[in-house]
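Reading through the structure tokens given below for one structure.
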Amino acid sequence: MSIEAMVGDASVEPLARPAEEPLLKVDGVHTYYGKSHILDGVSLEVGRGEVVGLLGRNGVGKSTTLKAIAGLVHPSQGQVLFEGNSIVDLPPHRVARVGIAYVPEERRVFPLLTVLENLRTGLDRHGVAKAKKAELLDKVYAYFPVLAERRNQAGGTLSGGEQQMLAIARAMMLEPKIILLDEPTEGLMPRMVSQILEIVGALRGEGVAVLLVEQNVPLTLEACRRIYFIEKGAVRHHALASELQVNDPVIHQYLGV
Amino acid sequence: MNERRLLVYWAGFTVILALLIVAPLALPEFWQRFLTEILIWGLLAMSSDILIGYTGMVSFGHSAFFGLGMYGAAAALVTTRPPNLWLALAYGLILAAAVAAFVAYFSTRLRDIYFAITTLIFSQIFYVIIFTSTAWTGGENGINFRRPAFAIPFLFSIRFTPAVMHWFVLGVVTLSYLLLRRITQSPFGMVLQSIRENEARTRAIGYAVERYKIVAVMLSGLFAGLAGVLYAIQNQFAAPDFVFFLVSGETVIYNVIGGIGTLIGPMVGAAFFLMLREAFSRFFTEYYLIPLGMIFIAMVIFMPRGLLGFARRWLNR
Amino acid sequence: MEIPLDQILIQTINGIVTGMILALVASGLTLIFGIMDVVNFAHGELFMLGAYVGVLTLAATGDFWIALVVATLAIALLGALIYLTTLRPLIGRDPLTTILATFGVSLVLQNVALWQFGPVARKIEEPITGHFSLFYLDYPWYRLAIAGLAAAIIGALWLFLKFGTYGIWIRATTQDRVMAQAMGIPVPWVLTAVFAIGSGMAAASGVLFGPLVGVNSQMGTSWVLRAFIVVVVGGMGSLSGSIAAAIFISLLEAYASLWVSPAQAVIVSFVVLILTLLFRPTGLFVPTAR
């Protein structure tokens, strides 16, 4: 189901708007883990600068979907298009360079690298001017002052919330066009959860798209524009966040116990 | 279906056995001895398969078991007059068992790569000890001795001609194979394989994994020691070279080439390797390891299951 | 039984000299293991081939230092080649296969050397001749030079890893290969480069060590075993641990050879290994920060 169909107002003539290619398009992706069929034909789209949510219970394939996009899991079938080009056969480091940043569920900051070194894994890219690098670094320190404070501290010694910020900051160093965020609020204190919300908002403000996998419904409803619901390895439902409420039966259906 | 398979298996087994029995009568002496040696190395490879193929423990320590079995037999044959076959067997097996117990102790505390490296270093420890204890072991030159008679007291006594030697070795190896086969197919063997598949799960189910590993190492060590005794008797000398870790390395090569976890596979691997070596040394003289090594590497990459790997399931039922 | 102090001091220096070379060999090995979980059996042969390339280059140019550089680069290249042809295809498979593959490579390399260079040992001339008086001995300057050079090379490696983009890439890949890829680090090239660096370091050790003993096709075997022991005792993957362990073990062996023959002194390292495995399997010298 295309974005235009979802978002397009009936009062606006389709022809008045130029057809816009989605930034990211996942089409009928299947993956296996050994003999287990994990993703059973996942299809979704994310537009430029759009924040899209992916909700579902544990184990339905949300993380695997992100991994398939990032190139960490190779689909046996299906297509992944980024800016119109197929990236499904690219190795993960090329996917990152194309403009897709991945922030995994476990955060996975490099434990023995300092905060600054962690950031540098994304910052030290060819063809980026020194001035630009300094600028990126300053920007991220402005967003996350605590990282500036701890810049020479080893990543593994940071608290959970700090590590989450580092993981997101690190992703931002890639100057990505889209960030794949896997359950950023998991295990965080409520105070940090609202901070995550702010960060996602800031990303949207910068024009960076976000594909947000979550189990925290209120956060997702507030941060995202559209939401996909996954169950048993495939997208089963799709709605605008504005049309949903926390108590929606749809929410219960896909997230309830 | 199962019955038919078993029939085919035993038929094949009998045919091969028959061929091996007849061999000494048909082959010229060189090839006859060659065949006997293949059987001995095959036994060593089989013993190693218990650990590598069935329990999932890669060991580079088999040269220790083999070498000590060999030196044990040498000790018996040199110190008693007349040299006694059964004493040689006894000494060799006991010494091998002692070493196996030593290695077994460590096997339960180390996993995977650490175990492999440690077993390798153990072979080297024994190598250095044997190499430098010149007074006891003849050091670098090894020990020479005479073959005992094939004698059962009060029953008979025959000289070990090459043919008789061959049949003796064949008998021992065949019995060993049948015994090992029985063991690997028993509940005990099943537990070993379960350990190979997933050690944590086997432990979680309630099996005392450590005990099984110890028994596996002892078993493996005993049969390797037996191979060492046979080798000593066959060649009438013992040398430190056989305790050098290279022998362990070659044993692992036979296992991988032939197909681990099949018992017969390693035997075939040994035969394949030794025949290739024979062939290559005609063309490449002493540099045969260059093409042979490359073939081995290629097999590791492209045929990891070995020559008989495809038949693993079949051979185990 | 009284051992005179000067003998102990001499052995201390000998122990440190051997220890530094062992440290150089072991650091390549531990670097490779740390980043790709590969136990490089062929490491000793890379050491040996480095020495041979040193011999050839020395014969061609007459300059030891050029020989050192050429050997390091040549064997680094060989290492990259070996990695690409035999180890990269094995990524993702059972770790046993890499041990076997590198074992196979060591067999091939050793025999190629034997074939090309023959069984007679070659000699590398010391670049720095002359002795100084150390108690009752004329102690060669060159030995001290080796220790210094080895330390310099290891120091350079440490600096490279600590600072600089590529150092960060290598450390990141060692700590979390998947995330390194997700950050755009070209991990396949990093792995190749690390194997090349490790190989180069082994080669450098071979050239440095060459003047002390003859260069022959077997010289690698004993070194690779001791290097393995050092790597395990030092904590697999720990660079500082390997260095400390190398010096520790070499010192112990040097002292032991005051009492027993050098061939038997090797047992010391075996004993240290066994004790380590029994009581501190993660490594005797793993720094507490880890």
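The values are calculated or read from the model by the stated rules, or taken from the named source; none is laboratory data. Remember, it's a predicted structure, so these values are computed and weren't measured experimentally. Counting neighbours? That spans all protein chains shown, and the Cβs are built from the backbone with ideal geometry, glycine included.
Being within 13 Å of chain B (Cβ to nearest Cβ), buried (at least 17 other Cβ atoms within 10 Å of the Cβ) and in contact (Cβ under 8 Å) with a residue 12 or more places away in the chain narrows it down to one of C:LEU114, C:LEU107, C:LEU78, C:LEU157, so name that one.
Working: C:LEU107 fails: in contact (Cβ under 8 Å) with a residue 12 or more places away in the chain; C:LEU78 fails: within 13 Å of chain B (Cβ to nearest Cβ); C:LEU157 fails: within 13 Å of chain B (Cβ to nearest Cβ).
Just one listed residue meets the conditions, C:LEU114.
Could you check, for the stretch C:120-129, whether at least one of its residues is without any contact (Cβ under 8 Å) to a residue 40 or more places away in the chain and more than 9 Å from chain B (Cβ to nearest Cβ)? Full working, then the answer.
Quick first cut of the stretch C:120-129, residues without any contact (Cβ under 8 Å) to a residue 40 or more places away in the chain only: C:128-129.
Add one more test, that the residue is more than 9 Å from chain B (Cβ to nearest Cβ), and what stays is C:128-129.
Yes, the stretch C:120-129 has at least one match.
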*Please specify each residue of the stretch A:69-87 satisfying the condition of being within 14 Å of another protein chain (Cβ to nearest Cβ) and free of Cβ contacts under 8 Å to residues at least 40 places away in the same chain.*
A:GLY71, A:LEU72, A:ILE87
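For C:VAL268, indicate whether it is under 17 Å from the mean Cα position of the chain (by Cα) and β-branched (Val, Ile, Thr). Before you say what the answer is, go through the steps one by one.
On the way: under 17 Å from the mean Cα position of the chain (by Cα): no; β-branched (Val, Ile, Thr): yes.
For C:VAL268, the condition - under 17 Å from the mean Cα position of the chain (by Cα) and β-branched (Val, Ile, Thr) - is not met.
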*asked:* Looking at (1) part of a loop (DSSP other than H, G, I, E, B); (2) surrounded by fewer than 24 Cβ atoms within 10 Å (Cβ to Cβ); (3) not acidic (Asp, Glu), which one does B:PHE60 not meet, given that it meets all the others?
replied: (2)
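Can you tell me which residue among C:THR61, C:THR57, C:THR85 is on the phi < 0 side of the Ramachandran plot and touching a residue at least 12 places away in the same chain (Cβ under 8 Å)?
Details: C:THR61 fails: touching a residue at least 12 places away in the same chain (Cβ under 8 Å); C:THR85 fails: touching a residue at least 12 places away in the same chain (Cβ under 8 Å).
After ruling out the rest, the residue left standing is C:THR57.
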_Positions within the stretch B:280-309 being more than 9 Å from chain C (Cβ to nearest Cβ) and more than 24 Å from C:ILE99 (Cα to Cα), in sequence order_ = B:PHE280, B:SER281, B:ARG282, B:PHE283, B:THR285
*Residue check: is B:ARG277 modelled with pLDDT under 85, in a helix (DSSP H, G or I) and more than 9 Å from chain C (Cβ to nearest Cβ)?*
no
*Name the one entry in C:ALA67, C:ALA51 that is touching a Leu at 6+ places or on another chain (Cβ under 6 Å), closer than 18 Å to C:ILE128 by Cα and in contact (Cβ under 8 Å) with a residue 40 or more places away in the chain.*
C:ALA67
_For the stretch B:1-54, which positions are surrounded by fewer than 24 Cβ atoms within 10 Å (Cβ to Cβ) and of a type in the set (Asp, Glu)?_
B:GLU3, B:GLU29, B:GLU37
*Out of the stretch C:259-275, which residues are hydrophobic (A, V, I, L, M, F, W, C) and either assigned to a helix (DSSP H, G or I) or facing another protein chain (nearest Cβ under 8 Å) (or both)?*
C:ALA263, C:ALA265, C:VAL266, C:ILE267, C:VAL268, C:PHE270, C:VAL271, C:VAL272, C:LEU273, C:ILE274, C:LEU275
_Return the residues of the stretch A:171-202 that are over 17 Å from C:ASP176 (Cβ atoms), touching a residue at least 40 places away in the same chain (Cβ under 8 Å), hydrophobic (A, V, I, L, M, F, W, C) and not in a strand (DSSP E or B); say none if nothing qualifies._
A:MET172, A:ILE199, A:VAL200, A:ALA202
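So, A:GLN164, is that one crowded, with 17+ Cβ neighbours inside 10 Å and of a type in the set (S, T, N, Q) or not? Before you say what the answer is, go through the steps one by one.
Values: crowded, with 17+ Cβ neighbours inside 10 Å: yes; of a type in the set (S, T, N, Q): yes.
Yes: the conditions hold for A:GLN164.
Tell me, please, whether a residue that is assigned to a helix (DSSP H, G or I) and among the aliphatic types (A, V, I, L, M) can be found in the stretch C:130-145.
Of all residues in the stretch C:130-145, those assigned to a helix (DSSP H, G or I) come to C:141-145.
Then keep just the ones that are among the aliphatic types (A, V, I, L, M); that gives C:144-145.
Yes.
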*Out of curiosity, is C:PRO281 within 13 Å of another protein chain (Cβ to nearest Cβ) and part of a loop (DSSP other than H, G, I, E, B)?*
yes
*Counting only residues that are within 14 Å of chain A (Cβ to nearest Cβ) and surrounded by 24 or more Cβ atoms within 10 Å (Cβ to Cβ), give me the helices (runs of 4 or more DSSP H) lying completely in the stretch C:161-245 with at least 2 of them.*
C:165-175, C:177-182
*Of the conditions (1) in contact (Cβ under 8 Å) with a residue 40 or more places away in the chain; (2) within 14 Å of chain C (Cβ to nearest Cβ); (3) under 19 Å from B:LEU222 (Cα atoms), B:PHE106 fails just one. Which one is it?*
(1)
*Can you tell me how many residues in the stretch A:167-190 are surrounded by 21 or more Cβ atoms within 10 Å (Cβ to Cβ), small (Gly, Ala, Ser), closer than 26 Å to A:ASN58 by Cβ and in contact with a helix residue (DSSP H, G or I) (Cβ under 8 Å, 6 or more places away or on another chain)?*
1
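Take C:ASP63 and decide whether it is of a type in the set (D, E, K, R) and more than 14 Å from chain B (Cβ to nearest Cβ).
On the way: of a type in the set (D, E, K, R): yes; more than 14 Å from chain B (Cβ to nearest Cβ): yes.
Spelling it out, C:ASP63 is indeed of a type in the set (D, E, K, R) and more than 14 Å from chain B (Cβ to nearest Cβ).
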_Positions within the stretch B:75-93 being surrounded by fewer than 15 Cβ atoms within 10 Å (Cβ to Cβ) and assigned to a helix (DSSP H, G or I), in sequence order_ = B:THR79, B:TRP86
*In the stretch C:1-32, what count of residues is obtained for those that are crowded, with 24+ Cβ neighbours inside 10 Å and either within 14 Å of chain B (Cβ to nearest Cβ) or not in a helix (DSSP H, G or I) (or both)?*
4
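Condition check ((1) under 21 Å from A:MET192 (Cα atoms); (2) buried (at least 22 other Cβ atoms within 10 Å of the Cβ); (3) away from every other protein chain (no Cβ under 14 Å); (4) without any contact (Cβ under 8 Å) to a residue 60 or more places away in the chain) across all residues:
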position	(1), (2), (3), (4)
A:ASP89	no, no, yes, yes
A:TYR102	yes, yes, no, no
A:THR121	no, yes, no, yes
A:GLY127	no, no, no, yes
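Which one is farthest from B:ALA239 (Cα to Cα), of the residues in the stretch B:127-152 that are among the aromatic types (Phe, Trp, Tyr) and touching a residue at least 24 places away in the same chain (Cβ under 8 Å)? Step through it out loud before you land on a result.
Applying the first criterion (among the aromatic types (Phe, Trp, Tyr)) to the stretch B:127-152 yields B:127, B:131, B:136, B:145, B:150.
Filter once more, keeping what is touching a residue at least 24 places away in the same chain (Cβ under 8 Å): B:127, B:131, B:145, B:150.
Numbers: B:TYR127: 10, B:PHE131: 9, B:PHE145: 12, B:PHE150: 23 Å.
Checked the stretch B:127-152; the qualifying residue farthest from B:ALA239 (Cα to Cα) is B:PHE150.
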*Just wondering, is there one or more residues in the stretch B:283-304 that are at negative phi, crowded, with 16+ Cβ neighbours inside 10 Å and in contact (Cβ under 8 Å) with a residue 60 or more places away in the chain?*
no
*How many residues, within the stretch B:231-248, are at pLDDT below 85 and either surrounded by 22 or more Cβ atoms within 10 Å (Cβ to Cβ) or in contact with a His (Cβ under 9 Å, 6 or more places away or on another chain) (or both)?*
6
